[in-house]
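**Q** One structure is given below, represented as structure tokens, and several questions about it will come after.
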Amino acid sequence: MIRHIVMWKFKSGTEKEMMEFIEKLRGLYGVIPQIKEQEVGVDCAGGENYSAVLVSLFDSMEDLQAYKADPRHVAVSKLCKAIREDRVAVDYQV
């Protein structure tokens, strides 16, 4: 199993777009079959923290790569890229 964790900081003034991105990201669960588990959260502390996080689980690195290449994920990712200031990610075996 592969755990995929991504965190984003969004540009100031993009709160509406951020929430649209979050809802579309959540909407991928149950639609893209490679996603075994998914949790998406928005930071509630504010300040210097990252704005949002994705924690998801895949059976294999091949499934993670298939998810990343899926046109539905690519469309959601495109929205994110337009409003993000920073992104960090880690993938590890569980």
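**Q** Would it be correct to say that Asp70 is modelled with pLDDT of 95 or more, acidic (Asp, Glu) and within 14 Å of the chain's Cα centre (by Cα)? Don't jump to the end; show me each part of the working.
**A** On the way: modelled with pLDDT of 95 or more: yes; acidic (Asp, Glu): yes; within 14 Å of the chain's Cα centre (by Cα): yes.
Criteria met by Asp70.
**Q** Let me ask something else. Farther than 25 Å from Ala69 by Cβ and either surrounded by fewer than 16 Cβ atoms within 10 Å (Cβ to Cβ) or within 10 Å of the chain's Cα centre (by Cα) (or both): is that true of Met19 in this structure? Show your work before the answer.
**A** Values: farther than 25 Å from Ala69 by Cβ: yes; either surrounded by fewer than 16 Cβ atoms within 10 Å (Cβ to Cβ) or within 10 Å of the chain's Cα centre (by Cα) (or both): yes.
Spelling it out, Met19 is indeed farther than 25 Å from Ala69 by Cβ and either surrounded by fewer than 16 Cβ atoms within 10 Å (Cβ to Cβ) or within 10 Å of the chain's Cα centre (by Cα) (or both).
**Q** Now, a different point. Identify the residue in region 7-18 that is in contact (Cβ under 8 Å) with a residue 24 or more places away in the chain and out of contact with any helix residue (DSSP H, G or I) (no Cβ under 9 Å at 6 or more places or on another chain) and, among all such residues, is farthest from Gln93 (Cα to Cα).
**A** For region 7-18, the residue satisfying everything is Lys9.
**Q** Contact list please: Cβ distance under 7 Å, first residue in region 83-94 and small (Gly, Ala, Ser), second residue surrounded by 10 or more Cβ atoms within 10 Å (Cβ to Cβ), pairs at least six apart or on different chains.
**A** What qualifies is Ala89/Ile5; Ala89/Val6.
**Q** Checking Pro71 against (1) over 21 Å from Gly30 (Cβ atoms); (2) exposed (fewer than 12 other Cβ atoms within 10 Å of the Cβ): exactly one of these is not met. Which one?
**A** Condition (1) is where Pro71 drops out.
**Q** Give region 34-66 a look and list any residue that's in contact (Cβ under 8 Å) with a residue 60 or more places away in the chain and among the aliphatic types (A, V, I, L, M), or say none.
**A** Taking region 34-66 and keeping what is in contact (Cβ under 8 Å) with a residue 60 or more places away in the chain, we get 63-64.
The one that is in contact (Cβ under 8 Å) with a residue 60 or more places away in the chain and among the aliphatic types (A, V, I, L, M): Leu64.
**Q** Please determine, by comparing only the residues of region 35-52 that are more than 19 Å from Arg3 (Cα to Cα) and among the polar types (S, T, N, Q), which one is surrounded by the most Cβ atoms within 10 Å (Cβ to Cβ).
**A** Ser51
**Q** Looking at Val76 and the list (1) under 11 Å from the mean Cα position of the chain (by Cα); (2) surrounded by 13 or more Cβ atoms within 10 Å (Cβ to Cβ); (3) not in a helix (DSSP H, G or I), which single condition is not satisfied?
**A** Exception for Val76: condition (3).
The values are calculated or read from the model by the stated rules, or taken from the named source; none is laboratory data. All values derive from a computational prediction rather than experimental measurement. Note that each Cβ is placed from the backbone with ideal geometry, even for glycine, and that neighbours are counted across all protein chains shown.
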